[in-house]
Structure formats: structure tokens, C-alpha cells
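First comes the structure, then the notes that go with it.
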Amino acid sequence: MLKIISANLNGIRSAAKKGFFEWMGKEAPDFVCVQELKAQAADMTPEFLNPHGYHGHFHYAEKKGYSGVGVYSKLEPDAIRVGFGCDEFDAEGRYVQCDFGKLSVISLYCPSGSSSDERQQAKFRFMEVFLPHLRELRNCGQEIVICGDWNIAHKEIDLKNWKSNQKNSGFLPEEREWMTQVFGNAGWVDVYRALHPETTAEAYTWWSNRGQAWANNVGWRIDYHVSTPALAAKASAAAIYKQERFSDHAPLTVEYSGASAFIGR
């Protein structure tokens, strides 16, 4: 069984102060994918680099205090890929891939378009270049899980106030259609939704810091495990951890029974 956690930290230093690494140690997952480090290499302490003896591999943004992703693993990877080959977005620290035998674990932080039209246009450019990469990944022969903050709620069930958000970034028709392509002809699986079909409501992973969003559970499901079908078929349990708050996102944990065979060591 492999236990994999995805967590947007909204600042690794902030999340550490709120107890994220203590919780990670208690959970003892095989892999942890983190997003929004908001740190550069010089900011990374030994606790951040190798908590509890885990191997950490990271993609830092060039801009200080911005973005950044990482993968923590109990095993040292066979290969590491930092960035996915697009200069504009690789400069923003959005993608790190670690390979372990026939299994690849990817931490991904898709752009948000909520701050301005300029950033929304950047998000559309990301979607345009990332979908071909997703198709290439599906054809590479690996079993893959892409964990991270995709910054898109796919369907109406994936956010509390869907009617009033249809013209807002994160729930635009173009974004939702793109996710439909990812889970359709691109051949990927939304692991949480495969385990918990659409009758399961309010499986949110992010809450705005404005108003009383957390208190009233006015949330969005924008953090995903997106995997190849054979790996998704091994998913046996999924949970969103809300007992403690490490950031404005909640960690998403999925257990994959029998998936350790993909690692082969």
C-alpha cells in the first residue's frame, strides 16, 4: 500500500509554524507533494529539506516569496525532473517529477487567474501548453499520480456557491471544459471522485480567507490526485484532513493498495 498526500502550504514557513511537519511525521506517508512553498533554496532549513529523514526535491520560483513545489519521499528517486519544458511557467516553480521504478509522483501548482485579467490570460496559456504535456505523460509507459492545486473546480458539486461563481476564475466554462478533457480524451482519472462519486457533496479543499468561508464551509475542491487509470484502480481510501489548519487548503490523502509493486524495490 502507498499513502500519498497533497498539500498546498501557502508558505512552507507558515505551515511549519502551524504544525504541518509534526502532522506529516504522525501520518508517515510514502510521498508528500507540497505546493506554494513561497521560499527559495536559501530559505530552506534542514526541517524543510529533509523532515523525518524524507528525501525532498523542489522547484523554486525565480520570484521571491512566490509559488514553488516539492516532493517528499521515503525512498530516493531514480530520476528527478524540475519543470515541464515551458520557460514562462518553469520560471514560476510549478512542476517537479520524481520517478521510482514504474511509478512517477508529480507535484503541480497550476496558476490562479483570480488576481487580474493578466493572470487569467497566463492561466489560459498554461492550460494550452500543459494539456499536450499531459498527453505525452500518458504515453510514456509510467504509472503516474499528479498531486496538487489545479485551481479549477470541475463540476457544480465541487464548490459551494457554483451559481454565483460561473464568471469567476476557477469555475469558468473554459476551465471546466479543460478539466473535462483531462479526465476524458487525455485519459486521466480524478481519483477522489472515482472513490467518492458525485453524490458525495462538500468535499472541499480550499476556503477563502474572506468573510466566514471556513466557518460556513463555503469551499472549493481544487486540490486533486490525478492519475493513470491502472494506479487509480488501486486507490482504496481518500480523506481530506480538516482537524487542524496548516493553510487555507486542507491536505488530501489517498491510499493505493498494491501500488508498491510499481516501485519494484
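Scan segment 124-153 residue by residue and report those that are charged (D, E, K, R) and either within 16 Å of the chain's Cα centre (by Cα) or closer than 29 Å to A259 by Cα (or both).
Hits for segment 124-153 are R135, E136, R138, E143, D149.
Are any of the residues in segment 54-68 surrounded by fewer than 17 Cβ atoms within 10 Å (Cβ to Cβ), touching a residue at least 60 places away in the same chain (Cβ under 8 Å) and within 28 Å of G19 (Cα to Cα)?
Checking segment 54-68: not a single residue is surrounded by fewer than 17 Cβ atoms within 10 Å (Cβ to Cβ), touching a residue at least 60 places away in the same chain (Cβ under 8 Å) and within 28 Å of G19 (Cα to Cα).
Taking strands (runs of 3 or more DSSP E) that fall entirely within segment 163-265, which contain at least 1 residues that are out of contact with any Phe, Trp or Tyr (no Cβ under 8 Å at 6 or more places or on another chain), buried (at least 17 other Cβ atoms within 10 Å of the Cβ) and modelled with pLDDT of 95 or more?
Once the strands (runs of 3 or more DSSP E) in segment 163-265 are filtered for at least 1 residues that are out of contact with any Phe, Trp or Tyr (no Cβ under 8 Å at 6 or more places or on another chain), buried (at least 17 other Cβ atoms within 10 Å of the Cβ) and modelled with pLDDT of 95 or more, what remains is 252-256.
Just give me the residues in segment 33-44 being touching a residue at least 12 places away in the same chain (Cβ under 8 Å) and more than 22 Å from E255 (Cβ to Cβ), in sequence order.
Scanning segment 33-44 gives E36, L37, K38, A39, Q40, A41, D43, M44.
If A122 satisfies all but one of (1) among the small types (G, A, S); (2) assigned to a loop (DSSP other than H, G, I, E, B); (3) surrounded by fewer than 18 Cβ atoms within 10 Å (Cβ to Cβ), what's the number of the condition it fails?
Exception for A122: condition (2).
When you scan segment 82-99, do you find a residue that is of a type in the set (V, I, T), over 18 Å from the mean Cα position of the chain (by Cα) and surrounded by fewer than 22 Cβ atoms within 10 Å (Cβ to Cβ), even just one?
no
Of the residues in segment 41-61, how many are over 20 Å from the mean Cα position of the chain (by Cα) and either part of a loop (DSSP other than H, G, I, E, B) or charged (D, E, K, R) (or both)?
Selection size over segment 41-61: 4.
Any residue in segment 25-32 that is assigned to a helix (DSSP H, G or I), on the phi < 0 side of the Ramachandran plot, free of Cβ contacts under 8 Å to residues at least 40 places away in the same chain and among the basic types (K, R)?
yes
From S73, S6, grab the single residue that is surrounded by 14 or more Cβ atoms within 10 Å (Cβ to Cβ), of a type in the set (S, T, N, Q), closer than 27 Å to G101 by Cα and touching a residue at least 60 places away in the same chain (Cβ under 8 Å).
Just one listed residue meets the conditions, S6.
The values are calculated or read from the model by the stated rules, or taken from the named source; none is laboratory data. Fair warning: this is a prediction, and the values are worked out from it, not measured in the lab. Positions of Cβ are generated from backbone atoms using ideal geometry, with glycine treated the same way; all protein chains shown enter the neighbour counts.
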